[in-house]
Amino acid sequence: MHYFRVPKPYWKDRMAKMAAAGLNAIQTYISWNMHEPQPGVYNFEDGNDFAAYLQLAQEMGFVVILRVGPYIDSERDLGGLPFWLLQKNPHMRLRTNDPSYLQYVDRWLDVLLPKVKPLLYVNGGPVITVQVENEYGSYYACDFDYMHHLRDKFRQQLGKDVVLFTTDGGTEGFLKCGKVDGLYSTVDFGSGSDVKAAFEAQRNHEPHGPLVNSEFYPGWIDHWSYKHETVDADRVAKTLYEMLAMNASVTIYMFEGGTSFGFYNGNTTNNTSFMCIKNTFRTSIVKFIYIFYSY
């Protein structure tokens, strides 16, 4: 559940439902474009108060998996990057070691990460792991200098005791550019996937440590003018059961989808056209939970 997709008055209600479903952790991105709508203008108030969200999660008995970015995807406009980056330099090479990009990334992280540090588990907070970037192995640039820069920045700001990780698709092709030394590699995949093969791909890069699916999809993205996407609940439950039988850790993406308010919803492409994502995320999670607990 993402704090920026659920109005603040509903945070506690949604967390109570997650607890009732037997979940023990909450995963959220931090959406840069929500917090720095204009260069150097920051907003951490009301629905943007991610610290209050994480503290509430802790009060409700959850630990937190925090996905900081700076790029988050998350079906957000420009993947959560502020639109004004391209006003600064229309030729900016996003998500690379381009100095015109990194100067704003570093400035943002120098504001954000000091707010995250007190919330780390080692400091008495709920945050057990922090993700760097997002599915970078799917990006054309494969710029290890960029990822090493982010790794070092996170480590400098957050210290040596926090687990930093990456998330990529569950095949060697994605992990080839997604795996970064010093960051724990996890994978993501949906229902009906070959669970054993996906975790074998993770094991090729992480011989030790937990098997982790950082995004397990019980539903899929809806696009304007396209038919509502549905996923068979039995298939979802079966795949989850297979992962838990391997003692894997799983994040349900999404349990509570919420709404991309305003014009923050992004788009995807089918190689011939852009497809605008609907503002509301939907899943068949209730039926899926019933079926899973009947296994």
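The values are calculated or read from the model by the stated rules, or taken from the named source; none is laboratory data. Only a predicted model underlies this, so the values are computations on that prediction, with no experimental measurement involved. Using ideal geometry, Cβ is built from the backbone for each residue, glycine included, and neighbour counts are taken over all protein chains shown. To get the accessible areas, we keep the full protein, side chains included, count just its heavy atoms, and leave off ligands, DNA and RNA. Shrake-Rupley method; radii C 1.70, N 1.55, O 1.52, S 1.80 Å.
When the solvent-accessible surface of protein heavy atoms is calculated with a 1.4 angstrom probe, in what order do Arg14, Arg107, Arg235 fall, highest first?
On the way: Arg14 60, Arg107 85, Arg235 110 Å².
Heavy-atom accessible area, descending, gives Arg235, Arg107, Arg14.
Report the per residue volume, in Å³, of the convex hull enclosing the C-alpha atoms of region 105-168.
Values: hull volume 5.0 nm³, N = 64.
Once divided by residue count, the hull of region 105-168 is 78 Å³.
Counting heavy atoms of the protein chains alone, Val122 has an accessible area of about 90 Å² for a 1.4 Å probe. Based on C-alpha pairs under 8 angstrom that are at least 6 apart in sequence, region 108-192 has a relative contact order of 31 percent. Solvent-accessible area per residue in the chain equals 46 Å², computed with a 1.4 angstrom probe and all protein chains kept. Taken over region 197-264, the ratio of Cα radius of gyration to 2.2 N^0.38 Å equals 1.39. Expressed to the nearest 5 percent, the antiparallel share of DSSP beta bridges inside the chain is 25 percent. Using a cut-off of 16 Å between alpha-carbon atoms, which aspartates and glutamates can reach Lys12, once sequence neighbours fewer than 8 places away in the same chain are excluded? Of all the aspartates and glutamates, those that pass the test against Lys12 - Cα under 16 Å, at least 8 places apart if same chain - are Asp46, Asp49, Glu59, Glu256. In this structure the amide hydrogen of Gln27, modeled in the peptide plane, comes within under 5 Å of the amide hydrogens of Ile65, none closer than 5 places in sequence on its chain. Note on exposure: Phe216, Phe261 ranked by accessible area (1.4 Å probe, complete protein assembly) read Phe261, Phe216, with the most exposed listed first. Rounded is the label for the chain, because a/c, from the alpha-carbon gyration tensor with a ≥ b ≥ c as root eigenvalues, stays below 1.5.
Peptide packing for 99-105, 29-35 was compared via the average number of neighbouring C-beta atoms within 10 Å per residue; ordered from the highest value, the list is 29-35, 99-105. Among the cysteines of the chain, those whose beta-carbon sits 4.7 Å or more from every other cysteine beta-carbon are Cys276. Determine the shape class of region 1-153: with a ≥ b ≥ c the square roots of the Cα gyration tensor eigenvalues, call it rounded for a/c under 1.5, and otherwise prolate if a/b is greater than b/c, oblate otherwise. In terms of gyration-tensor shape, prolate.
Can you put Tyr184, Tyr226, Tyr136 in order of accessible area, largest first, using a 1.4 Å probe? All intermediate terms of the calculation are to be shown ahead of the outcome.
Details: Tyr184 45, Tyr226 105, Tyr136 5 Å².
The residues order as Tyr226, Tyr184, Tyr136, largest area first.
For region 159-212, the Kirkwood estimate of hydrodynamic radius, built from reciprocal distances between every pair of different alpha carbons, is 11.4 Å. Convex hull of alpha carbon positions in region 13-95: directionally averaged projected area 6.2 nm². Taking amide H as placed 1.01 Å from N in the peptide plane, Tyr184 has its amide H under 5 Å from the amide H of Leu164, Phe165, Thr166, each at least 5 places away in sequence or on another chain.
Using 25 Å as the Cα-Cα cut-off, could you pick out the over-long pairs in Lys17/Lys117; Lys8/Lys227; Lys8/Lys117; Lys88/Lys153; Lys88/Lys179; Lys196/Lys227? The partial results should precede the final answer.
Details: Lys17/Lys117 28 Å; Lys8/Lys227 30 Å; Lys8/Lys117 22 Å; Lys88/Lys153 23 Å; Lys88/Lys179 30 Å; Lys196/Lys227 31 Å.
Distance filter (> 25 Å) returns Lys17/Lys117; Lys8/Lys227; Lys88/Lys179; Lys196/Lys227.
Here the accessible area of region 3-142 is 52 percent carbon and sulfur, with a 1.4 angstrom probe and all protein chains present. Looking only at Gly79, Gly262, Gly219, which one moves most when the chain is put into a Gaussian network model with springs between Cα atoms under 10 Å? Highest fluctuation among the options: Gly262.
Each Cα pair under 8 Å and six or more residues apart adds its sequence gap; the mean of these over the residue count of the chain is a relative contact order of 16 percent.
Estimated from helical segments only, the mean residue ellipticity of the chain at 222 nm is -10000 deg cm²/dmol, where each DSSP H run of four or more residues counts as -39500 (n - 2.57).
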